[in-house]
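Following: one structure in structure tokens, then a few remarks.
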Amino acid sequence: MIFLVEGLEFANHRYSPEKITLSVATFNQRAIKAYEKTGFKPIGTFMQETNGSKYEFLKMVYEC
């Protein structure tokens, strides 16, 4: 999880964004927990075709 925190710090210092968004498959609960621990908040879900199937994805945002 250190790499995620370091990446967020780098992005904040280098680019000064207002927010950072990401999408993660809802079945990937381990990743979702890691993102939540670093401050990402869920903002919605959507369906996406990937590898020939449809999957639900969670969109998350980190307010800088």
Contact list please: Cβ distance under 6 Å, first residue in the stretch 37-62 and over 23 Å from Leu4 (Cα atoms), second residue surrounded by 11 or more Cβ atoms within 10 Å (Cβ to Cβ) and small (Gly, Ala, Ser), pairs at least six apart or on different chains.
Tyr55/Ala25
Considering only residues that are surrounded by 13 or more Cβ atoms within 10 Å (Cβ to Cβ) and in contact with an Asp or Glu (Cβ under 9 Å, 6 or more places away or on another chain), which ones fall in the stretch 41-63?
Pro42, Tyr55, Met60
Suppose we filter the stretch 6-25 for residues that are surrounded by 13 or more Cβ atoms within 10 Å (Cβ to Cβ) and among the β-branched types (Val, Ile, Thr); how many remain?
2
Identify, please: which residue in the stretch 1-43 is in contact with a Phe, Trp or Tyr (Cβ under 8 Å, 6 or more places away or on another chain) and charged (D, E, K, R) and is, among those, nearest to Leu58 (Cα to Cα)?
Lys41
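Just the residues that are under 10 Å from the mean Cα position of the chain (by Cα) and among the aliphatic types (A, V, I, L, M), please, taken from the stretch 5-24.
Keep residues of the stretch 5-24 that are under 10 Å from the mean Cα position of the chain (by Cα), which gives 20-24.
Scanning the stretch 5-24 gives Ile20, Leu22, Val24.
Readers should treat all values here as calculations from the given coordinates under stated rules, not as data from a laboratory. Since this is a predicted model, take the numbers as computed values, not measurements. Here Cβ is always computed from backbone atoms with ideal geometry, including for glycine, and neighbour counts include all displayed protein chains.
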